[in-house]
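Since every read-out is calculated from the coordinates, none of them should be taken as a lab result. Quick caveat: nothing in here was measured; it's all calculated off a predicted structure. Cβ coordinates were reconstructed from backbone atoms using ideal geometry, including for glycine residues, and neighbour counts include every protein chain displayed.
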Amino acid sequence: MNIRVRLFSVIRDIAGFDEQTVVVPPRADAASVLRKLVQAHPALDPWKGSVRMAVNLEYVSSSHPLKQGDEVAIIPPVSGG
Amino acid sequence: MVSLTLNPIDIRSVVDGVTAPESGGIDVFVGTTRNHAGGRSVNLLEYEAYEPMAIAMMERLEAEARRRWTVNRIAIVHRLGKVPVGEASVVIAVSSAHRNEAFEACRFLIDTLKKEVPIWKREHFTNGTVEWSGVAAEAKHE
């Protein structure tokens with residue numbers, strides 16, 4: 001399945017891109033996208049415990065099942081306001 | 001009403017937007033850029049958002065506040081881009097028949113926005129360094 005991955009803030013700066021399409025196996029979960037990202041960018045490893053995942057504009061748990069065309073965002077700790 | 005803007009927030013027009021004849025009061029929270037952070041001197045803050053999700057979540061917060069309190073009108077406006085010291089980064093205004101509901105809803109909205117809405121700020125210090133807010137603290141407990 002093709003998944004659109006979006007990165008923001010410090011995570012984007014470390015990975016060096018803001019948007020990418022990745023291919024994951026059918027029934028992959030949200031956490032698999034993060035694992036793949038950390039494998040490709042080991043400097044993200046210290047962040048994996050503090051980011052949240054969002055799928056199609058909603059926070060989800062790491063076991064959330066993905067479907068073709070989903071937009072997965074890696075959300076580092078927010079600091080608006 | 002929720003919105004994101006790259007321009008300075010016109011606080012007066014946000015307040016006008018929640019004015020309602022059935023209201024007895026309007027509570028307004030204005031978040032502004034502070035000239036220091038963690039003991040260091042700050043020039044400006046620079047905000048970015050995951051815009052469609054930020055808007056969707058601000059709308060959900062507005063709906064949740066309406067479910068929990070009897071209020072008339074709600075406005076949540078967050079500025080993006082560079083916000084110099086003293087200028088407003090966020091304005092929340094709530095009108096209601098009685099002040100308690102407006103105060104409580106407004107407090108809930110700003111507190112929850114800061115925890116949940118995907119917006120990030122970078123601190124531009126007067127010594128020229130630029131850092132994502134909170135990142136140094138995060139790295140410490142890794």
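Miscellaneous remarks
- The protein assembly as shown: C-alpha gyration tensor shape, a/c 1.5 cut-off, then a/b vs b/c: oblate
- Per-pair calculated FRET efficiency, R0 = 22 Å: A:Ala40 and B:Lys115 via Cβ, rounded to 0.05: 0.15
- Applying both filters, DSSP loop and at most 13 other Cβ atoms within 10 Å, to the GluC sites (Glu not before Pro) of region B:1-85 gives B:Glu22.
- In percent, rounded to a whole number, the relative contact order of region A:2-69 is 37, using alpha-carbon pairs under 8 Å and six or more apart.
- Residue ranges A:28-34, B:126-132 sort as A:28-34, B:126-132 when ordered by packing (mean number of other C-beta atoms within 10 Å per residue, highest first).
- Order of B:Thr70, B:Thr112, A:Thr21 under a 10 Å beta carbon neighbour criterion, fewest first: A:Thr21, B:Thr70, B:Thr112
- Averaged over peptide A:71-78, the number of partner chain Cβ atoms lying within 10 Å of each residue's Cβ comes to 5.
- Counting every other Cβ atom within 10 Å of each residue's Cβ, A:Val78, B:Val14, B:Val94, A:Val23 order from fewest to most as A:Val23, B:Val14, A:Val78, B:Val94.
- Here the calculated FRET efficiency for A:Ser61 and B:Glu131, from their Cβ-Cβ distance with R0 = 35 Å, stands at 0.70, rounded to the nearest 0.05.
- The ranking of B:Tyr50, A:Tyr59 by Cβ neighbour count inside 10 Å, starting from the fewest, reads A:Tyr59, B:Tyr50.
- Averaged over the residues of peptide B:111-122, the number of Cβ atoms from other protein chains lying within 10 Å of each residue's Cβ is 5.
- Per DSSP, loop trypsin sites (Lys or Arg not before Pro) in chain A with at most 16 further Cβ within 10 Å: A:Arg27, A:Lys48, A:Lys67
- Legend: helices of chain B (whole DSSP H runs) are marked when their alpha-carbon atoms reach 27 angstrom or more along the helix axis and their mean Kyte-Doolittle hydropathy is at least 0.5; nothing is marked.
- Folded to 0 to 90 degrees: helix A:30-40 orientation relative to chain A principal axis, Cα: 60
- Full extension of the chain between B:Arg67 and B:Ala20 yields a length gain of 15.0 nm, computed as 0.36 nm times the residue separation minus the alpha carbon distance.
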